[in-house]
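Everything below concerns the one structure shown next.
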Amino acid sequence: MADTSATREVFVSGLKNAHAMENQALSIMKPQVSRIEHYPEVARRLEEHIRETEAQMTRIEEILRQLDESHSSMKDMALSFTGSMAAMGHTVAGDEILKNSFANYAFEHFEIAAYKSLITVAEAGGFTFATTGLRTNLQEEQDMARWIDDNLSTVTTRYINLREAGESGKV
C-alpha cells in the first residue's frame, strides 16, 4: 500500500498519540523514581528508562518533522496530567512499590502495542524512513517490560521482607 492521505492521517495521528503517551510515561516515572528508597535497582532502571523515553520522544519529533508535522501540545498536556494523577494515586497505597510495578508493566505493554501498530502503518503507507526509529522505541519498551517481568519477584520478596522487619516497605 502506498502513502495515501488516509494512511498518512492515521500515521500522523498515531505519532502524535505516541508522543503524548511517552510524555505521560515521563509524568508517571519521574515521581516514582523520586520516592524510591528501598529498591535501588528499580530506581536505576527507571532513571535509565526515563532517558530512553526522552530519546523516544526526540525520535518521534524527528519523524513528525520529516512529515512537516509537530506533536500535539494539547495531547501531551492532557496525558501528562493523567499520568501525574495516576502516579499520585499510588502514593497513598501501603504497597506503592507493587502497585507501581504492576502499572508500569501494563503501561509498557500498551506502549509495545502502540509501536507495533505504528510500524505496521509506516510500512503500509511507505513511510520507510520512520521504521528504524519506531523499531528502536519498540525494542526499548520490550526491554523495559522484560526487566519488570524479570524483577517482579525480587521486588515483591523485598517488600515482604521489609514489612516483616517492621518497615513500611512502601517504596
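The values are calculated or read from the model by the stated rules, or taken from the named source; none is laboratory data. Please read all numbers here as calculations on a predicted model, not as lab measurements. Cβ sites come from the backbone with ideal geometry, for glycine too, and all protein chains shown count toward neighbours.
Quick notes
- Residue satisfying condition, being closer than 20 Å to Ser153 by Cβ and at pLDDT below 95, within set Lys99, Lys75: Lys99
- A residue that is under 18 Å from Thr136 (Cα atoms) and modelled with pLDDT of 95 or more occurs nowhere in the range 28-43.
Matching residues to (1) at pLDDT below 95; (2) of a type in the set (Val, Ile, Thr):
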residue	(1), (2)
Met85	yes, no
Glu108	no, no
Ala114	no, no
Glu123	no, no
Phe129	no, no
Leu152	no, no
Val155	no, yes
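- Subset of the range 1-26 (residues that are polar (S, T, N, Q), surrounded by fewer than 19 Cβ atoms within 10 Å (Cβ to Cβ) and part of a helix (DSSP H, G or I)): Ser5, Thr7, Ser13, Asn17
- Those residues of the range 24-45 which are over 21 Å from Asn161 (Cβ atoms) and over 8 Å from the mean Cα position of the chain (by Cα), in sequence order: Ser27, Ile28, Met29, Lys30, Pro31, Val33, Ser34
- Within the range 117-135, the set of residues being in a helix (DSSP H, G or I), in contact (Cβ under 8 Å) with a residue 40 or more places away in the chain, out of contact with any Leu (no Cβ under 7 Å at 6 or more places or on another chain) and surrounded by 15 or more Cβ atoms within 10 Å (Cβ to Cβ) comprises Ser117, Val121, Ala124, Gly125, Ala130, Gly133.
- Just one of the listed residues (Ile63, Ile50) is part of a helix (DSSP H, G or I) and closer than 17 Å to Thr132 by Cβ, and it is Ile63.
- When the range 32-46 is limited to residues that are free of Cβ contacts under 8 Å to residues at least 60 places away in the same chain and closer than 21 Å to His109 by Cβ, the one that is surrounded by the fewest Cβ atoms within 10 Å (Cβ to Cβ) turns out to be Val33.
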